[in-house]
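Taking it in order: structure first as structure tokens, then the write-up.
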Amino acid sequence: MGALYLGLRLVHSELVAARLSQVDTSQFESWQDYVYFLAAEAIAIVREDPAMMRVVYGVRTEETMHVGKELDSKIASIALKQVMERFALPFWPDAARKVSIAVALIDSVFRFSFREQGTITDEIVREAGRAAVAYLRCYLPEYVDSRH
């Protein structure tokens with residue numbers, strides 16, 4: 001059974017990365033809009049398959065934790081690249097790690113909701129985005145210019 005869970009977690013990882021890498025960032029007016037989108041997009045895939053939601057947010061093993069860390073890292077890398085291409089962000093030390101922490105915050109809010117309610121509501125998706133935006137505001141200015 002562990003291999004099945006691990007396989008589904010890997011599929012989720014690849015689906016999220018593939019969807020994010022195809023995003024047209026010109027639709028975002030601010031880096032905050034992108035972060036809220038990131039939270040919504042991350043959950044959209046698991047909402048399409050309830051079994052996937054249980055695997056991603058309900059099963060915690062050493063193997064799935066490792067895959068989860070890899071997924072967060074991949075998502076953070078894609079997100080940072082897309083936001084930096086779209087907006088004229090100032091230099092900020094350890095940017096990749098800070099974005100990884102923001103992604104982990106989103107994931108943690110989703111996991112909390114799933115454990116508490118057995119689902120992830122639209123309200124929780126907004127809360128996850130809010131948590132990540134609040135954290136990133138410690139490092140990024142509220143307003144940055146667009147590159148396009």
Check your understanding: If you take the charge dipole of the chain about its Cα centre, with +1 on Lys and Arg Cβ and -1 on Asp and Glu Cβ, which of 119, 101, 22 is farthest toward its positive end?
Key -> 101
Point to revise | Per-residue Cβ neighbour rank within 10 angstrom, fewest leading, 80, 10 | key: 10, 80
Review point. Just from its helices, what would the mean residue ellipticity at 222 nm be for the chain, if runs of 4 or more DSSP H residues each count -39500 (n - 2.57) and the sum is divided by every residue, rounded to the nearest 500 deg cm²/dmol?
Key: -25000 deg cm²/dmol
Practice item. Report, to the nearest 10°, how far helix 122-136 tilts away from the longest principal axis of the Cα atoms in the chain, using its own Cα long axis and a range of 0 to 90°. Key: 50
Revision key, fill the gap. Interchain or sequence-distant (5+) residues whose placed amide H lies within less than 5 Å of the amide H of residue 87 are 147
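All other residues with a Cβ under 9 Å from the Cβ of residue 147 taken together, and with Lys, Arg as +1 and Asp, Glu as -1, what is their net charge? Don't skip to the end; give the middle numbers.
Values: positive: 86; negative: 85, 145.
Around residue 147, the charge tally is -1.
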Study note, to complete from the structure: Percent of all alpha-carbon pairs of the chain at distances over 24 Å, whole number, is 28
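Rule-based calculations on the coordinates, nothing more; no lab input. If you're wondering where the values come from, they're calculated on a predicted model, not measured in any experiment. Note that we place each Cβ from the backbone using ideal geometry, even for glycine, and neighbour counts take in every protein chain shown.
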